[in-house]
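Written below as structure tokens is the structure these notes are about.
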Amino acid sequence: MKKLIVASFAAATMALGGITVAAPSNAAPESSHIVGQIMVKFRDNAAAPDVLRQHGLSDGGGIGSTGARLIKVPAGKELQLVTALSRNPAVEYAEPDQLVTAATDDPFFGRQYALQNNGQSFFNNNPDYLVEVAAGTPDADVDAVEAWTRSKGSGVRVAIIDSGVAVDHADISGQVVARTNLTDKQIVNAEDYDKYGHGTHVAGIVAAVHNTAGVAGVCPECSILDVKVLNDSGTGSSSAIAKGIDWAVENDAKVINMSLGQRVSSRTLEAAVNKAWEAGRVIVAAAGNGGTQAKIYPGAYPNVIAVAATDNNDLKASFSTYGRWVDVAAPGVSVFSTFPNHEFTLGSQNNRAKGYDIASGTSMASPIVAAVAALVWITPAGTSNTTVRKQVESSAKPIAGTGSYWVHGRVDACKEVGCVKPGP
């Protein structure tokens, strides 16, 4: 079977506290941060120039609406300057800018067991995509098809904070209503919008068009806000994510998805999350692919719905991070979705197919939950982010592991939008 496990906060190549998307390995990740910059929040911004001048530094730009500033520093001096600045009473906090990693009736609709299955085997016409489901196994999907009788998420904006969304894919590109690039890479060619591939896959899970081609997203009438924070290698920074969250709020995202993460908490990143929650947004993030209970951020912040991954037997995926800090679960094994039609980094690293392919990880589970939240927004339960989150969590199906691997169950789109499932 072709198989890709994409880490969302706990990727093998993810440095502690950093954001990247990659396949997990047995090697323990090493802590790292972005070279040449730190994040500082002053108690009084008027004092900032003098304080920075004492250390030979210049003032930098603000990081979204967090109140923190991104300060350029000599390479190799990041931690030393964080310590020195933290001692100054004019400084509320100083912290490294952590490296972040990514956690990855249509012709292919039958391959989308996460949307609808009834215990049968899948993909039997193509052994490359074989997913065996023994007769009588649990109905392990989120019942998205049934949910569409009540809601398809028409017009709800979902921000995909990731590696970008391809502009050359008919099944997802047209769903993008606004874009921003918060990486250091300049967009020159069409391929530059997502040269890594992860963001296009995540976006397709949310909102691929339900038509006569390709696949269908869980929320096929949702709109996508493309927030590019990961570069061609699938890495980014805490500061870029914080800016991306702020941009998503400014552009009226109802739901924000982050299939990425870092092991070290960041006060700046948490401030961005909290401001988005206070602005009425639902925030969803992957729990990570470490297979342990170690917390991953932003998923572990209280105002974020942290998502673990399940398989086609409705069991916890072996790679999924878990624990009482994780809120819900969703299918994350061999999830079929869009990939760029051009050459992309993830494809060359993992033999991904152009156009469409499967990937596994909490990176795939998180956008399923984000899409379900978007469906809920236009139901009677969609009066606020508080009521939407409560509906998503309280209506989740209590499968095996509920209460230990995650607090609530595996999301059930049909129940959450108030539809009635047909009989056998």
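Annotations for the structure displayed:
- Count of the range 253-285 residues, restricted to those that are over 19 Å from Asp97 (Cα atoms), assigned to a loop (DSSP other than H, G, I, E, B) and touching a helix residue (DSSP H, G or I) at 6+ places or on another chain (Cβ under 8 Å), is 4.
- On inspection, Ala329 qualifies as within 15 Å of Val411 (Cα to Cα), in a strand (DSSP E or B) and among the hydrophobic types (A, V, I, L, M, F, W, C).
- For the condition assigned by TED's automatic domain parsing to the domain that holds Tyr193 and crowded, with 21+ Cβ neighbours inside 10 Å, Gln262 qualifies.
- Residue in the range 202-211 that is touching a Gly at 6+ places or on another chain (Cβ under 8 Å) and among the polar types (S, T, N, Q) present: no
- Filtering the range 207-244 to residues that are under 14 Å from Thr183 (Cα atoms) and part of a helix (DSSP H, G or I) leaves Ser238, Ser239, Ala240, Ile241, Ala242, Lys243, Gly244.
- Evaluating Pro298 against the criteria (1) more than 25 Å from Tyr93 (Cα to Cα); (2) buried (at least 18 other Cβ atoms within 10 Å of the Cβ) leaves one unmet condition, (1).
- Looking only at residues in the range 152-189 that are of a type in the set (Gly, Ala, Ser) and surrounded by fewer than 24 Cβ atoms within 10 Å (Cβ to Cβ), the one that is modelled with the lowest pLDDT is Ser154.
- Residue within the range 361-373 that is in a helix (DSSP H, G or I), surrounded by fewer than 20 Cβ atoms within 10 Å (Cβ to Cβ) and not charged (D, E, K, R) present: no
- The single condition from (1) in a helix (DSSP H, G or I); (2) crowded, with 20+ Cβ neighbours inside 10 Å that Gly382 fails is (1).
- Criterion violated by Phe122 - all others in (1) crowded, with 19+ Cβ neighbours inside 10 Å; (2) at pLDDT 50 or above satisfied: (2)
- Counting the residues of the range 67-90 that are within 15 Å of Met39 (Cβ to Cβ), among the basic types (Lys, Arg) and loosely packed, with under 15 Cβ neighbours inside 10 Å gives 1.
- Here Thr104 meets the list (1) at pLDDT 60 or above; (2) within 30 Å of His33 (Cβ to Cβ); (3) part of a loop (DSSP other than H, G, I, E, B) almost entirely, failing just condition (1).
- Of the candidates Arg267, Arg263, Arg281, the single residue that is in contact with a Phe, Trp or Tyr (Cβ under 8 Å, 6 or more places away or on another chain), among the basic types (Lys, Arg) and at pLDDT 95 or above is Arg267.
- The number of residues in the range 320-355 being within 19 Å of Asp162 (Cβ to Cβ), surrounded by fewer than 24 Cβ atoms within 10 Å (Cβ to Cβ) and touching a strand residue (DSSP E or B) at 6+ places or on another chain (Cβ under 9 Å) comes to 4.
The values are calculated or read from the model by the stated rules, or taken from the named source; none is laboratory data. Just so we're clear, the structure is a prediction, and the values are computed from it rather than from any experiment. Note that each Cβ is placed from the backbone with ideal geometry, even for glycine, and that neighbours are counted across all protein chains shown.
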